Amino acid sequence: MNTSDANNTPQCYSLKSPPFNYTHPISSVYFSTIFSTLGITSNLIAFIVLVKSFRQMRNRSRSFFLIFLGGLVVTDFMGLLVTGSIVVSFHFTHFNWRQVDPNCHFCNFMGMSMVFYGLCPLLLSATMAMERFCGINRPFARSTNMSKSRTVYMVLMVWLVAGCIALLPLIGVGSYHIQAPGSWCFFNISSKGSDMVFSLLFSLVGLTSIVVSFLLNTVSVVTLIKVCCGQDRTQRSRDHEVEMMVQLILIMIIASISWCPLLVFIAQTSFSRHRLHDLYLLLYLRFATWNQILDPWVYILFRRAVFKRVYPRFDWSRSSIMTLYPYFQETARRFTRSSLGSNLGSDETGETTQSNVTPPSTLKSPD
């Protein structure tokens, strides 16, 4: 390629130009079709279940959580629909990107979609962890400040933040390029200039979201164990809180396993001066795609309504899930006393002493 051709080459084709001679099985049409179809179907089923549950929901905190779950399902569904349709179409038609998209508009759109729909689930998981943290640890402050409209605004704000990050390469911070095997576009993972800045930004935002989710969910779980198994276990039923935390923990675990390899790989490549390995990038991207496929099944399967149908003979009418398992309850109470520094022992001693003292009579003696 001479100098004039290089100067006239659009940016998205400046590093790699189609057609690619890349025939690894992981980039075949079968992988793309199966992943896209399975993910779109799963999210569609989850969305139908969420709509039915939201219409029947009477619990306020649960309805807020369902709004966040709805935003997560819609994001995963649209991400697979947009990016999957482009990738599958390429594998079936083998169109030439240079002819179809000579000005890189289509490539930039797909690159933005990959970044946007990649960051949204991670940011939404962190936002859901914050909402549950406030709902469990600061219930009174949350009940006065939270509303359904504000929850919707929070979901829209997450989409806005992810959209602003995805737009950065269009203003010079990073750049979108065609990637092997020529079926998709992504930002250039490099250790040079603005490409390094954007690569580290994407990686750090994703990893920070996972760390925030882990820390907040850990505190929420510990608090929930103390409330359900501690001295104040006779409070209102915590069934919905337990169910939501189980779902949120599973979403966090899936996101961590799916996204951490790709995010760490991007950070390592940005700091090193080694050449980008296309095979590793495709492999880790497949791992990340599992997040969008497995997320909807967390809500589809891990619900009390499903457990009731699977095990109908079990007594589900008691006031709290935690009281259904006496052995677990006693073990958790011992855990909260010893490991969490709970003062249940001293409180019980105080109650015992107080119960043995006859309270003074409040009746007046007759004159």
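Ligands, DNA and RNA excluded, the heavy atoms of residue 48 present near 90 Å² of accessible surface to a 1.4 Å solvent probe. In order along region 38-51, the phi-based Karplus estimate (6.51 cos²θ - 1.76 cosθ + 1.60, θ = phi - 60°) of 3J(HN,Hα) comes to 5, x, 5, 5, 4, 5, 5, 5, 4, 5, 5, 5, 5, 4 Hz; Gly and Pro are listed as x. Close amide H contacts of residue 184 (hydrogens built in the peptide plane, cut-off under 5 Å, sequence separation of 5 or more or a different chain): 179. Excluding same-chain neighbours fewer than eight residues apart, the lysines reachable from residue 148 by a Cα-Cα span under 19 Å are 52. Once you reduce region 257-306 and region 65-123 to the center of their Cα atoms, the two points are 15 Å from each other. Residue by residue, region 191-200 carries 3J(HN,Hα) couplings of 9, 10, x, 5, 5, 5, 4, 5, 4, 5 Hz when phi is fed to the Karplus relation 6.51 cos²θ - 1.76 cosθ + 1.60 (θ = phi - 60°); x denotes Gly or Pro.
The relative contact order of region 246-305, computed from alpha carbon pairs under 8 Å that lie at least 6 residues apart in sequence, is 54 percent.
With a probe of 1.4 Å, find how much accessible area region 90-226 has per residue, and write the answer as a whole number in Å².
I get 43 Å² per residue for this part.
Annotation for residue 280 and residue 85: the two label points, set 7 Å from Cα along the Cα-Cβ direction, are 3.4 nm apart. Our coupling estimate for region 150-164, obtained by passing each phi through the Karplus curve with A = 6.51, B = -1.76, C = 1.60 and θ = phi - 60°, is 5, 5, 4, 4, 5, 5, 5, 5, 4, 4, 5, 4, 5, x, 5 Hz, Gly and Pro reported as x. For residue 195, the accessible area of its heavy atoms, probed at 1.4 Å with every protein chain present, is near 30 square angstrom.
The values are calculated or read from the model by the stated rules, or taken from the named source; none is laboratory data. Since the structure is predicted, the reported quantities are computational estimates derived from the model, not experimental observations. Using ideal geometry, Cβ is built from the backbone for each residue, glycine included, and neighbour counts are taken over all protein chains shown. Note: areas computed on protein heavy atoms with side chains; ligands, DNA, RNA excluded. Shrake-Rupley method; radii C 1.70, N 1.55, O 1.52, S 1.80 Å.
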